[in-house]
Structures are given as C-alpha cells and as structure tokens.
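The values are calculated or read from the model by the stated rules, or taken from the named source; none is laboratory data. Predicted, not measured: the structure shown is a model, and the values here were computed from it. Backbone-built Cβ (ideal geometry, glycine too); neighbour counts: all protein chains shown. For the accessible areas, the whole protein counts, side chains as well, though only heavy atoms, and no ligand, DNA or RNA atoms are used. Shrake-Rupley method; radii C 1.70, N 1.55, O 1.52, S 1.80 Å.
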Amino acid sequence: MTIVCGTDFSEAAAQAVRAAASIARCLDDKLELVHVLGDPAAAGVPALGVFFAPLQEVLGNQAAELAREFAIKVEPIVLEGPADQRLVEFARGENAKMIVISSLGARKKEHLRLGSVAERVLQRSTIPVLVVRQATPIVEWAEGKRRLRILLGIDLGESARAALRWVETLRLVKPCDVRVVQVCWPIGEHARFEIKGPISLEGLRPELQALLERDLRAWTGTIAGEGRTTLSISACWGRFDEQLAQLADEDKADLLVVGTHQRAWAARVWHGSISRGVVQRSSGNVACVPRAASMTAEKQPITNFRSVLIPTDFSALANRALSAGYGLLPDGGEVHLVHVLSGERREPAPDLEARLRSLVPMGAEARGIETRTHVIEGSEPFSAIEHAAARLGIDVICMSTHGRTGAARLLLGSQAEEVVRRVRQPVLLIKGEGE
C-alpha cells in the first residue's frame, strides 16, 4: 500500500514529509512524494514544462534522503494542474491509505473564505487526509517512543463512525490514548429527549448528561488496540469546530480527528463544515476521515440489534410490523411496544397497556425477548415516537406505512416519513398488504 504526501518544499511541508515518512516506515508502506506544478493558464505562463526537470531533480534528492533516513521506498512524482485536484486523483489512482499534507494553521479572518489547498483536498478526498503542523509527536509515536494522544470529535453519525474506525487502525499499530468527545447543543438535545425545565448555561442537567453518556458508550463500544480510552460530553453554545480545536489545545492532543460529510457546495454553505473549520482553527495536527472511507475499509461486522421500538395504533396495518420487529432479535433483547395518545378519544391507560401486551407474538419469551409496553402522550405521533426512541436508547424502529405516493402522500402526510426524517436510529418500514 501507499502513503501519498504533497510537498511545496516549504518549512511547513517539511513537517508533513517527515510525519508521512515515519508513518510509511511504521506501516511498511511505500511513500509517494508529490509536488504539483500550478496550472499554466491560471498562472499566466505559456508553459511550466521548463520547470519540470529541475523540480524533479530537487524532489528526487529529497526522496533519496528520506529513503536513506527512514529505510523506506520513496518515489518522487511531479504533476501539473490544480494542486488539490491532481493530488486527490493521484492518491485515488494509487489506492493510497492516506494523504498527508501541511497547513499553516489558524489564519486571519479575512482569509477564511478563500480556502486553502489543505481544505480543498479534504473536501475532495475519499480517503483520510492528515494535515500536519507538528511532526515530532507523530514521528516519536511511529518510533515507539511515546503514545499518541488523540482527541476524536464525534456526532454519532456515519462519518464519525468512519473516523472511529480509522483511529482503531492507528491503535492496532502502536498504542494511542483516545478521548472521544461528543459536542452537543443543549437546546437541541433537550428537545430531542423532550426534557422539560430550564436549560443551564453552565452545564448539562444530570438527566440529560446521563442519557447522552449512555448513548455515547453504546455508540463507541470497545475501541480495538492498545491505549487508554475516555468518553466525554461537551456542551457548546457557539461553533462546534472552534470548541473542538479549543479542547484539543487544552488536552495538549497530538492529533485531532473528525469525520467529514463531504457535502456539495450549496449544502456546505447552509450547514457549514466542521472538518474545514477544525483545519482552519486548530493549531495542531488534524485528520479528516470521509464517510466514503468506511466503504473501502475491511468488511464490516453484522449489526446485532438488542432493542426495537414498534409503535402501533392497534390497527391491522400498524400491527403488521410486529412480526418483523420481533424478528430483528433472533438472539433475544428488548421490544418496546408504544402507543401514542394524540386524540380526544382515549381509553384508560391500564386497558391500553393490556392491549399492548396482548400483541406479543407466540414464542417471543422463549427466544429471550423481553417486551416492555409504553402508553405516551403527544400532539403528533411521529414526535412522540422520536422522543421515546431517544429516551429509551433504541437500536432500531420498526413500523408500518401506507406506502402512499404522489398526491395522496401530499394530502394525507406520513407519520412514517416524519419518523425517518427525524430519528437517528435506522427505521424498518413495513408496507401494507397490496400497497
């Protein structure tokens, strides 16, 4: 396999080069040392070919020195064109493990809009990008002289999952101490769990803290490899990227790792980019792992669900989800049967609980499935289902849907569609017979 490192022969690039060489030696990989000549048309120069041979010689000399010092194979490559585009294309063509580049670090506010090669590379790349500003801790880690201190910023999403898996690959090579941090917006989390009462500006309420820590432990699981692991929740009232950069500085972390969604341009303008902001604001090393990296990683294990939420209004259509929902737990677990009181006509709660218990399929208990029943109130069923799934720490939701399309869907709406749009958990939709 290959490590690709971009260089412009600057002092900052020298840090990235040394870090890349040490990683290549540690992983027993080849290092591709790449310099990209700018686009001649953009530079206003008829042709840049006259610089090709001298640059190839300089790059070749540097590659030879690295090969001697680190005892690795180093191949010098000179390319032409837009630096970010050519570097990413080359790395993809070489099936590289990662791209290593340098960056000048936190920049003045007037420069933030313009971007940098590092930012454009991480936006384009479908493989992890390591932005190096301080090579020493990475070199010493690769040489086995110290543990690498990593701060992993996550949001429980798929891109964060890819970042977690990438951190695991580092720990399987050499020991790393990892702090996993979920940065959260208190107002949004109070709404998601439907927690009533005042919101503190100084910290999270104990019941919310407990719920978030529960979900973080479940999401993280056991990180493979050697090293200490700590989990923490950090309330944030400002920019998430700025807080992550500050936490990394406070921890004296050697490496800040985040996932990147690689949204299209319009979506980035609307949603912002945590990864880009972290690269801009951090003074240390940053690794950005795209969601696509998980698609090219080793085969993923089969997901074992342990808890299922099945909402029902006792109709024949809603109850079609029962057999499928219980079937998601072949090795046992918990099924939460939920009925939402959202209208004026309401049966007594004990009667509804009994009706829910009567829906438990035969053989559920023998399979080791425990059934819990919940009668909850909510102005909208989809909202009540969302909040219940969050509070109960559900793995998956199974519910029925009419499967309407076109005008019927626009006219009648869809509780199932709203649930899918709002919840974090996977949702299995069971269409009605003949739909």
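Would you mind stating whether residue 250 is open to solvent by 10 Å² or more (accessible area, probe 1.4 Å), modelled with pLDDT of 90 or more and either under 23 Å from residue 142 (Cβ atoms) or part of a helix (DSSP H, G or I) (or both)?
Answer is yes for this residue.
Name the residue that is nearest to residue 394 (Cα to Cα), counting only residues in segment 409-431 that are hydrophobic (A, V, I, L, M, F, W, C) and either part of a loop (DSSP other than H, G, I, E, B) or at pLDDT below 90 (or both).
Taking segment 409-431 and keeping what is hydrophobic (A, V, I, L, M, F, W, C), we get 410-412, 416, 419-420, 423, 427-430.
In the following step, the residues that additionally are either part of a loop (DSSP other than H, G, I, E, B) or at pLDDT below 90 (or both) were identified as 410-412, 416, 423.
Values: 410: 29, 411: 31, 412: 28, 416: 16, 423: 10 Å.
Of everything passing the filter in segment 409-431, 423 is nearest to residue 394 (Cα to Cα).
Assess whether residue 335 counts as being in contact with a Lys or Arg (Cβ under 9 Å, 6 or more places away or on another chain), open to solvent by less than 40 Å² (accessible area, probe 1.4 Å) and at pLDDT 95 or above. Before you say what the answer is, go through the steps one by one.
Numbers: in contact with a Lys or Arg (Cβ under 9 Å, 6 or more places away or on another chain): yes; open to solvent by less than 40 Å² (accessible area, probe 1.4 Å): yes; at pLDDT 95 or above: yes.
So residue 335 passes the test.
Filtering segment 338-350 down to residues that are small (Gly, Ala, Ser) and under 15 Å from residue 379 (Cα atoms), which residue is modelled with the lowest pLDDT?
So the residue we want is 343.
If I filter segment 95-110 for residues that are part of a helix (DSSP H, G or I) and modelled with pLDDT of 90 or more, do I get at least one hit?
no
Could you identify the single residue in 157, 225 that is in contact (Cβ under 8 Å) with a residue 24 or more places away in the chain, surrounded by fewer than 19 Cβ atoms within 10 Å (Cβ to Cβ), within 30 Å of residue 28 (Cα to Cα) and among the small types (Gly, Ala, Ser)?
Residue meeting the stated conditions: 225.
Given the structure, is residue 136 β-branched (Val, Ile, Thr) and free of Cβ contacts under 8 Å to residues at least 40 places away in the same chain?
yes
For residue 145, only one of the following conditions fails: (1) within 18 Å of the chain's Cα centre (by Cα); (2) within 22 Å of residue 27 (Cα to Cα). What is its number?
Looking at each condition in turn, residue 145 falls short on (1).
Being open to solvent by less than 10 Å² (accessible area, probe 1.4 Å) and within 30 Å of residue 200 (Cβ to Cβ) narrows it down to one residue among 164, 148, 130; which is it?
Answer to the selection: 164.
How many residues, within segment 344-362, are in a loop (DSSP other than H, G, I, E, B) and either open to solvent by less than 40 Å² (accessible area, probe 1.4 Å) or touching a Ser or Thr at 6+ places or on another chain (Cβ under 9 Å) (or both)?
Looking only at that region, the number is 3.
Could you check segment 290-311 and list, in sequence order, the residues that are modelled with pLDDT under 95 and of a type in the set (S, T, N, Q)?
Hits for segment 290-311 are 294, 296, 300, 303, 304.
Of the residues in segment 140-154, how many are of a type in the set (Asp, Glu) and touching a residue at least 24 places away in the same chain (Cβ under 8 Å)? Even if it seems obvious, please write down each step before you answer.
So in segment 140-154, the residues of a type in the set (Asp, Glu) come out as 140, 143.
Now restrict to residues that are touching a residue at least 24 places away in the same chain (Cβ under 8 Å): 143.
Result for segment 140-154: 1.
What number of residues within segment 56-107 satisfy the criterion of being crowded, with 16+ Cβ neighbours inside 10 Å and without any contact (Cβ under 8 Å) to a residue 24 or more places away in the chain?
Counting residues in segment 56-107 that are crowded, with 16+ Cβ neighbours inside 10 Å and without any contact (Cβ under 8 Å) to a residue 24 or more places away in the chain gives 1.
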